Amino acid sequence: MKRFDKGYIYSGLLTDFFYSVFLVFILLKDFFLDEESASEDIATAAPFFAIGFIVIYLCFVVYRIMYYKTSGYELTDKEIKCNRGVLFRKRSVLDYKKVHAINKKQNIIQRIFGIAVLTVDSGSANTSHQAEITIIEKNAVVDSLLDELNSLKESGVRSDASAQQAEEVLLSDKDSMYHFTSGKKMLYTLINIASTAFFTALFAVLSIIVIGLGKGMLQLDFLGTWGQYFLYAILITAGAILLFSIFSFIGSIVHSFVGYYDFTVTKRDNNIQISYGLLEKHTNTFSYDRIKAVKISQGLVQRILGFASIKLEVIGYTVSSGDSDNNAGLGILIPFCKYDEIDEILGKVLPDYIPTEKKTKSVSIFPFMSWFLLIFGITVGIILTGTVAVMKLLDAPATALYTVTFVTLGLTAIVILIKLASAILAYHTNGLAVENGKITAYSGSFNKNITVFMAKHLVAVETVTTPLRKKRGISSLVMHLKTNESSNEVKVHIQKDTLSDELEKMLML
């Protein structure tokens, strides 16, 4: 069995150096230093910090060496084997034909030492929290293994011919089907910020108007100290919103330009490969036939401006490596594109998943609000009644009572208006289309989602209704897809209940 590349030890120890400095500072700072510590105290504490650092770093060194000596991999005729672990050793064996997703990851430190991490996954729900096979090798070796495994999962048998075929594929021309350009990234960032700022600003402006009218009723002199605190709270809230928007803008720019650096999508035979990242380079490869669903998402601002993003739900699709892998669930296929380009893009990459025009729609708008109005109305009524009762017991002025009532009802009206807008959008959005074994589900309100999946991935259909809705022949549909425990539901609301019968027939085919 071949051991991992020694670059794993060197890259790990460089990372561990910074961890050790951080840990020794956290563990010993409170014992030796405080806010009043002088330079003499720091000099006295320095040896203890040095000893602590050496002890912690030596523990990391021992662990890295032991992990290196106990870990390795082997490609046999029909399967790939992998051993890893120190205290808890793990041995994984995966048949080539059961390989589902092959992902390459390379952070900035690993790039310095010329190594990369390859994870191989079967897509099993039992191991969806981590990759079954992990290989740490030279970057060129990982690229060769990635292509060879892509070939082996089709043939199922390893031979010299398959290795040669993998090399030819590696050297062949690969034209990306999509490029996330700088212009698209900047527009993507601005729209993300606008989406957040729109709702924040809308609610803040409407709330300030209502509160301002209430302040006018009370008169400024009457506010006194509490009134000043109230005005200060408004200013602090406005400042916090502005600060949050600034940090969100910076974070979104960093994410789009660094996280999606050199983002490309390539289709090679039956495999789709997505590459992206600057500080940490990801190359994720998975089979076309393991895709469970395609999800097209639009925020409100994106809908207004005509843009969208396309995500994939792939069984066992992981974007990290190591023993703490998390199932990514939905992986980005296209981060940002024009809505009108979706059919063209999917036609090149996933022609079977082009969305079908909606054939049904929601049959009533009131159910989108009924439960909300009932629960929210009761809650507001109890809070308002209790507040007024307490104020009367405390002999509060009538003006204060009127103002509290006015502000509460005003804010309630704002929330109801927002919910009404959400219900109207949901009423026009929700719907379903079934055609040639393909199901296209339209859902959402402010955020519109179009989920496209094959009937063969449908494992259950659930009808959610109430006695009143049942009399009217309407219900909400919950469609359960295969595996992916955290995201296996697609919901379409307020449809004719006869649709569930049609979907149930598809389960029996």
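The values are calculated or read from the model by the stated rules, or taken from the named source; none is laboratory data. From a predicted model like this one, the values you see are computed outputs, not experimental measurements. Note that each Cβ is placed from the backbone with ideal geometry, even for glycine, and that neighbours are counted across all protein chains shown. To get the accessible areas, we keep the full protein, side chains included, count just its heavy atoms, and leave off ligands, DNA and RNA. Shrake-Rupley method; radii C 1.70, N 1.55, O 1.52, S 1.80 Å.
Numbers at a glance
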{"read-out": "Failed criterion for K419 (all others in (1) touching a residue at least 60 places away in the same chain (Cβ under 8 Å); (2) open to solvent by less than 60 Å² (accessible area, probe 1.4 Å) hold)", "value": "(1)"}
{"read-out": "Any pair with Cβ under 8 angstrom, 6 or more apart, that starts in the range 332-343 at a residue that is of a type in the set (S, T, Y) and ends at one that is exposed (fewer than 15 other Cβ atoms within 10 Å of the Cβ) and not in a strand (DSSP E or B)", "value": "Y339/G306"}
{"read-out": "Pairs where the first residue, in the range 76-95, is exposed (fewer than 12 other Cβ atoms within 10 Å of the Cβ) and the second is of a type in the set (G, A, S), C-beta under 7 Å, 6+ apart", "value": "none"}
{"read-out": "When residues of the range 249-296 are limited to those that are assigned to a helix (DSSP H, G or I) and closer than 22 Å to D121 by Cα, the one modelled with the highest pLDDT", "value": "Y288"}
{"read-out": "Identity of the residue in the range 125-145, of a type in the set (A, V, I, L, M, F, W, C) and at pLDDT below 85, that ends up farthest from N83 (Cα to Cα)", "value": "A125"}
{"read-out": "Matching residues in the range 335-362 - criterion: being exposed (fewer than 15 other Cβ atoms within 10 Å of the Cβ) and closer than 14 Å to N430 by Cα", "value": "E357, K359"}
{"read-out": "Qualifying positions in the range 372-404 - over 41 Å from the mean Cα position of the chain (by Cα), open to solvent by less than 50 Å² (accessible area, probe 1.4 Å) and touching a residue at least 12 places away in the same chain (Cβ under 8 Å)", "value": "V388, M391, A400, L401, T403"}
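Conditions tested, residue by residue: (1) of a type in the set (G, A, S); (2) in contact with a helix residue (DSSP H, G or I) (Cβ under 9 Å, 6 or more places away or on another chain); (3) under 30 Å from V314 (Cα atoms).
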{"residue": "V380", "(1), (2), (3)": "no, yes, no"}
{"residue": "D395", "(1), (2), (3)": "no, no, no"}
{"residue": "Y402", "(1), (2), (3)": "no, yes, no"}
{"residue": "L409", "(1), (2), (3)": "no, yes, no"}
{"residue": "A413", "(1), (2), (3)": "yes, yes, no"}
{"residue": "I450", "(1), (2), (3)": "no, yes, yes"}
{"residue": "A455", "(1), (2), (3)": "yes, yes, yes"}
{"residue": "T463", "(1), (2), (3)": "no, yes, yes"}
{"residue": "P467", "(1), (2), (3)": "no, no, no"}
